[in-house]
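Here the structure comes first, spelled out in structure tokens, and everything after it is commentary.
The values are calculated or read from the model by the stated rules, or taken from the named source; none is laboratory data. None of these values were measured; they are calculated from a predicted model. Counting neighbours? That spans all protein chains shown, and the Cβs are built from the backbone with ideal geometry, glycine included.
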């Protein structure tokens, strides 16, 4: 099977993260199995589900179908620093952008204490994301919580992502 050339492959873990991006770029669902794929003129989005294994599987599938010039992971992250406002956007891969940089670590399970991590932000997918593809990668994370046990609602996740799209979409 011949790969389709695209500019950007966007990865999210959650459908709640993906929905505002799908709307913003006017993406249409073109595949439903084994993962939902949304696309439009050079942009493809895949939502993997939570965790490293699902991220690996989704990106392997997408990169068999598409040859991307860059990969973007956008999603929520827990934050160890309570002085950082919920909704703050950070880049975890590039220090020279107009988006602030923050350190990020990937953990296999939710983290409930800042003493359990050595970074500012934590998620469950970034490690697997960084291992996928040999192209430029960007990781953008939106602070959703301060490592509380309660998971943010789908509505809150969508609203947090929606507010940041104008800031990171220029890298698409």
In this structure, is residue 89 in contact with a helix residue (DSSP H, G or I) (Cβ under 6 Å, 6 or more places away or on another chain) and either surrounded by 15 or more Cβ atoms within 10 Å (Cβ to Cβ) or without any contact (Cβ under 8 Å) to a residue 24 or more places away in the chain (or both)?
yes
Return yes or no: is residue 56 within 28 Å of residue 3 (Cα to Cα), under 12 Å from the mean Cα position of the chain (by Cα), modelled with pLDDT of 90 or more and crowded, with 16+ Cβ neighbours inside 10 Å?
no
Restricting the search to the range 77-95, which residues are under 22 Å from residue 172 (Cα atoms) and at pLDDT 95 or above?
87, 88, 89, 90, 91, 92, 93, 94, 95
Which numbered condition in (1) over 16 Å from the mean Cα position of the chain (by Cα); (2) part of a helix (DSSP H, G or I); (3) surrounded by 16 or more Cβ atoms within 10 Å (Cβ to Cβ) is the only one that residue 84 fails?
(2)
Looking for something exposed (fewer than 13 other Cβ atoms within 10 Å of the Cβ) and more than 18 Å from the chain's Cα centre (by Cα) - is there at least one such residue anywhere in the range 4-19?
yes
Taking the range 9-29 only, how many residues are more than 18 Å from residue 57 (Cα to Cα) and free of Cβ contacts under 8 Å to residues at least 40 places away in the same chain?
6
Among the residues of the range 125-145 satisfying the criterion of being surrounded by 14 or more Cβ atoms within 10 Å (Cβ to Cβ), part of a loop (DSSP other than H, G, I, E, B) and more than 12 Å from the chain's Cα centre (by Cα), which is modelled with the lowest pLDDT?
133
Select from the range 59-81 the residues that are closer than 17 Å to residue 129 by Cα and surrounded by fewer than 18 Cβ atoms within 10 Å (Cβ to Cβ) and write down the one among them that is nearest to the chain's Cα centre (by Cα).
70
